[in-house]
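Here's the structure we're looking at; comments come further down.
The values are calculated or read from the model by the stated rules, or taken from the named source; none is laboratory data. Nothing here was measured: the structure is a model prediction, and the numbers come from that model. Here the Cβ positions follow ideal geometry from the backbone for every residue, glycine too, while neighbour counts run over all protein chains shown. Quick note on the areas: whole protein, heavy atoms, side chains included, nothing else; ligands and nucleic acids left out. Shrake-Rupley method; radii C 1.70, N 1.55, O 1.52, S 1.80 Å.
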Amino acid sequence: MTNRIPFDLPEGYVEFYKAIESWQNELFFKLKRAAGIGDFDADSIPQSIERPVLETHGIDIDPVHYREAFLELTQLVMKEREGIKDSLQEIVKVFSEMDFTEIAFRVINNDCQHFEKLAAEKGLAGELAYFLLDHALRPFLRCFALPYQGVVVGEDFHWEMAVCPVCGSQVNFSRVRAEDGQRLLFCEHCFTEWPSRYLGCIYCGNTEPLTIKYLVVEGDDAHQLFVCEKCKGYLKTFDERKGDTKRDLFIAGIETVYLDLIAEENGYTNNRIEDERNLN
Ligand SMILES: [Zn+2]
Ligand SMILES: [Zn+2]
């Protein structure tokens, strides 16, 4: 099936995310250096992972560092988006007084309801607040994930859930590796990749070829939308064999928002597992 791109991304949209990602990269490298990651004890890494590691092992996030990261990211967004300065200042006023250990716990558990309620009570822009808290936390998750990434990317690693095996976040992007056509799912929260069947729905496990289709937009075969007729789930994919370069998968996810729109317009969703997350 071929579609047309239904809209142009607003000007500066991708650049905005690129600025956030470079800030996240910097913080990630800083955290990595501070944690001395790279010298982790290989014996302490589980060889079999059956539930997301974060759920079974927990994560220690320094609330002081997380709060600092949140404030820094807010400053960056303020620079990029002058028009929402007042909303950002209100968010900072309310959140900077809060307990960032609890905030980290709630963000990791994807407890949007808590933040929506809080935002309504305080008259804040709830989605914006959650966006900042979520994106400020991601470098910490990337650091946490490092020791496990070698385990989950191996060919013999089998994982049937549609969430990241390390941090438990929902997944909505994958790439098909140029060298061997292997599909790797990608977590945009902790940047972990792990193998998955090329043809198979990550939500319901369906592998019947006729009920799994893929859609592309005209003139671009590399960015694909895999949809499952059984459960109406969808997954975006970058096929390296058809694209001319390796992609930054986080940015590829942002640049292909039109695929989400096409999917949703056709009745597919990638929100199938919101309620299944159970990291409490
Ligand atoms: Zn993850
Ligand atoms: Zn399915």
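Here are the numbers for this structure:
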{"quantity": "Filter result (open to solvent by less than 20 Å² (accessible area, probe 1.4 Å) and among the hydrophobic types (A, V, I, L, M, F, W, C)) within the stretch 125-139", "calculated": "Ala129, Leu132, Leu133, Ala136, Leu137"}
{"quantity": "Checking Asn110 against (1) among the polar types (S, T, N, Q); (2) surrounded by 14 or more Cβ atoms within 10 Å (Cβ to Cβ); (3) more than 22 Å from Gly168 (Cβ to Cβ), the condition it does not meet", "calculated": "(3)"}
{"quantity": "Near pairs, Cβ below 6 angstrom, 6+ apart or cross-chain, from the stretch 126-145 (aromatic (Phe, Trp, Tyr)) to any residue that is not in a helix (DSSP H, G or I)", "calculated": "Phe140/Ile61; Phe144/Ile59"}
{"quantity": "Any chance Thr101 is under 22 Å from Ser169 (Cβ atoms), open to solvent by 70 Å² or more (accessible area, probe 1.4 Å) and within 16 Å of ligand 1 (Cβ to nearest atom)", "calculated": "no"}
{"quantity": "Of all residues in the stretch 221-253 being in contact (Cβ under 8 Å) with a residue 24 or more places away in the chain and of a type in the set (Asp, Glu), the one that is least open to solvent (accessible area, probe 1.4 Å)", "calculated": "Asp239"}
{"quantity": "Residue count for the stretch 216-242, restricted to those that are over 27 Å from Asn25 (Cβ atoms) and within 15 Å of ligand 2 (Cβ to nearest atom)", "calculated": "10"}
{"quantity": "Residues of the stretch 144-176 classified as closer than 27 Å to Lys232 by Cβ, away from ligand 1 (no atom under 14 Å from the Cβ) and open to solvent by 40 Å² or more (accessible area, probe 1.4 Å), total", "calculated": "2"}
{"quantity": "Whichever residue in the stretch 208-220 is open to solvent by 70 Å² or more (accessible area, probe 1.4 Å) and out of contact with any Lys or Arg (no Cβ under 6 Å at 6 or more places or on another chain) and, among such residues, is nearest to ligand 1 (Cβ to nearest atom)", "calculated": "Tyr214"}
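Each row is one residue, and each column tells you yes or no for (1) in the same structural domain as Gln224 (by TED's automatic domain parsing); (2) at pLDDT below 95; (3) of a type in the set (A, V, I, L, M, F, W, C).
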residue: His135; (1), (2), (3): no, no, no
residue: Ala162; (1), (2), (3): yes, yes, yes
residue: Pro165; (1), (2), (3): yes, no, no
residue: Glu193; (1), (2), (3): yes, no, no
